[in-house]
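Everything below concerns the one structure shown next.
The values are calculated or read from the model by the stated rules, or taken from the named source; none is laboratory data. No experiment lies behind these values; they were computed from the predicted model shown. Because the Cβ atoms are built from the backbone with ideal geometry, glycine has one as well, and the counts that use them run over all protein chains shown.
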Amino acid sequence: MTKANNKLRPRASTGASASRYGAKSSAGKSASAHSSAGRGAGARARRTFARRSEIDPFIVMDVMRRAGEREAAGEKVIHMEVGQPSTPAPRAAREAAKRAIDEALLGYTDALGIRPLREAIAALYVGRYGLEISPERIVVTTGSSLGFVLAFLAYFDPGARIGLPAPGYPCYRHIVRLLGLEAVTLETSAASRWMPDGAMIARAHAEAPLDGVLIASPANPTGTMFTPEALADVVRTTEALGIRFLSDEIYHGLTYDQEAATALALSDDAIVINSFSKYYSMTGWRVGWLVVPEGDERTFERLQQNLAISVPTVSQYAALGALSDEARDELEAHRATYRANRDYLLAALPEVGFERLVPADGAFYLYADVSAMGEDSAALSERLLEEAGVAVTPGLDFDAHRGARYVRFSYARSHEDMREAIARLAAWRKGRRHTP
Ligand SMILES: Cc1ncc(COP(=O)(O)O)c(C=O)c1O
């Protein structure tokens, strides 16, 4: 059934950035609650929040919840909002978890992680990059998310200034602010394939000194990445300026034309953040890792002991299974699907109106400039979900200033889903709803 419905036609902007995905909503509320805190009434004070809790939502999670509500009401939604594979952990990981449940005590582990996992992660660097890394330098973390927290706590005192690319992964700036650090925006552009360079970092540092820089390559939300030369330029610049370089390598393994270079090959002082969430298809298991400079691990051990004690034990065993040779074919098959999705979407999205895209090298995202479509990206995202049943993420999550002009498409799902999404978007453009 294909029903004409004028209400579904794309319409002009309503100026609706204060939508359900509005970045400031929760912060605004708690700010006013906070202002009454100093007035003293005990019961009232208990209902207020600390200033540090005034952080923006991770909008993609809000979109995911709303998409889930529509699914619970019986609708089929194509998920292109969240950066999460639709595949489970590789079989070898699930088998390892089952064995651990049956056979292991599953108590706390060493704060830095179980030894075999740290050794297997170190071996990954030999296999993937030809680099010998001591297992002592590996810190197993609760997803890379807690890896950021540990690294920021280890290296930066309150007030430290951290350069972060915009657009970029939103939780960087949220965590930075939560910890009393200052986020310094390194504004990139489509012309430079959305990646910062050494000159940009040096300029920001000259304006007001930076203490560190955190960059992901391949990047979220753009899927673009450093060439080895561009990475070397950034590493050399940060070393020359005497500031820390944190390299988020969570999308390594998910590249389609050339392998990503690791900062560890260029510097012994770089701090590398990685995770089992993306390439290993294990978001919910919550395991990541850091590679820290030699001798720094004791500081991380003390931090982890106090903050988390250790990372969920069953997940550590599962992660070990994911690093086995057995898991490889399955994971490489996922990569082949993403590559096919990327190639398909780069051709098909422009045909349904999303013409302004920068081709992506890796991860599983495309970042589209939708400014010519007549409404801001928050309103557009809401309408795409409601009217086409396609969930996408408004750019405001990634770039507080320019994000109203962009949406991010995630292509981490099956190829059939991608074709269905394009069919839905094509029908939506014509004011109809696609029914397969
Ligand atoms: C660039 C980047 N870094 C880190 C993360 C956090 O991932 P996790 O905590 O699952 O390892 C994400 C999640 O989407 C991401 O895109």
I'm told G223 meets every condition in (1) more than 14 Å from the ligand (Cβ to nearest atom); (2) at positive phi; (3) not hydroxyl-bearing (S, T, Y) except one. Can you identify the failing condition by its number?
(1)
So, first residue in contact (Cβ under 8 Å) with a residue 60 or more places away in the chain in the range 336-360, second residue of a type in the set (F, W, Y) and part of a loop (DSSP other than H, G, I, E, B), Cβ within less than 7 Å, six or more apart or across chains; the pairs are Y338/F364; Y338/Y411; R339/Y256; N341/Y411; R342/Y256; R342/Y411; L345/Y411; V358/W194
Condition first: away from the ligand (no atom under 16 Å from the Cβ) and either charged (D, E, K, R) or out of contact with any Gly (no Cβ under 9 Å at 6 or more places or on another chain) (or both). Now tell me which residues in the range 68-94 satisfy that.
G68, E69, R70, E71, A72, A73, G74, E75, K76, R91, R94
Some residue of the range 325-339 being surrounded by 22 or more Cβ atoms within 10 Å (Cβ to Cβ) and of a type in the set (S, T, N, Q)
no
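Being under 25 Å from Y365 (Cα atoms) and out of contact with any helix residue (DSSP H, G or I) (no Cβ under 8 Å at 6 or more places or on another chain) is the filter here; which residues of the range 144-178 pass it?
Of the residues in the range 144-178, the ones under 25 Å from Y365 (Cα atoms) are 144-149, 162-176.
Of everything in the range 144-178, those that are under 25 Å from Y365 (Cα atoms) and out of contact with any helix residue (DSSP H, G or I) (no Cβ under 8 Å at 6 or more places or on another chain) turn out to be S144, G147, P165, A166, G168, Y169, R173, H174.
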Of the residues in the range 101-122, how many are exposed (fewer than 13 other Cβ atoms within 10 Å of the Cβ) and within 20 Å of V272 (Cα to Cα)?
1
Of T255, T299, the only residue that is among the β-branched types (V, I, T) and either under 15 Å from the mean Cα position of the chain (by Cα) or within 16 Å of the ligand (Cβ to nearest atom) (or both) is T255
Wholly enclosed helices (runs of 4 or more DSSP H) of the range 97-181 bearing at least 3 residues over 18 Å from W289 (Cα atoms), in the same structural domain as R286 (by TED's automatic domain parsing) and within 16 Å of the ligand (Cβ to nearest atom):
170-178
Determine, yes or no, whether D248 is acidic (D, E), outside the structural domain of A333 (by TED's automatic domain parsing), crowded, with 23+ Cβ neighbours inside 10 Å and within 23 Å of G295 (Cα to Cα).
yes
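Would you mind finding the one in D257, D269 that is farther than 18 Å from I162 by Cα and either of a type outside the set (S, T, N, Q) or surrounded by fewer than 20 Cβ atoms within 10 Å (Cβ to Cβ) (or both)? Reasoning before the result, please.
Working: D269 fails: farther than 18 Å from I162 by Cα.
From the options D257, D269, the qualifying one is D257.
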Residue under question is V392, and the condition is that it be over 30 Å from T185 (Cα atoms), outside the structural domain of E249 (by TED's automatic domain parsing) and not small (G, A, S); does it hold?
no
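For the range 51-96, what are the residues that are outside any loop (DSSP other than H, G, I, E, B) and under 20 Å from A327 (Cβ atoms)?
Answer for the range 51-96, where residues must be outside any loop (DSSP other than H, G, I, E, B) and under 20 Å from A327 (Cβ atoms): R91, A92, A93, R94, E95, A96.
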Report every pair of residues separated by at least 6 positions or lying on different chains whose Cβ atoms are under 7 Å apart, first residue within the range 403-421 and within 24 Å of S277 (Cα to Cα), second surrounded by fewer than 18 Cβ atoms within 10 Å (Cβ to Cβ) and hydrophobic (A, V, I, L, M, F, W, C).
H415/A340
Looking at this structure, is E382 under 15 Å from D62 (Cα atoms) and surrounded by fewer than 17 Cβ atoms within 10 Å (Cβ to Cβ)?
no
Subset of the range 258-283 (residues that are aliphatic (A, V, I, L, M), more than 14 Å from the ligand (Cβ to nearest atom) and touching a Phe, Trp or Tyr at 6+ places or on another chain (Cβ under 8 Å)):
A261, A263, L264, A265, A270
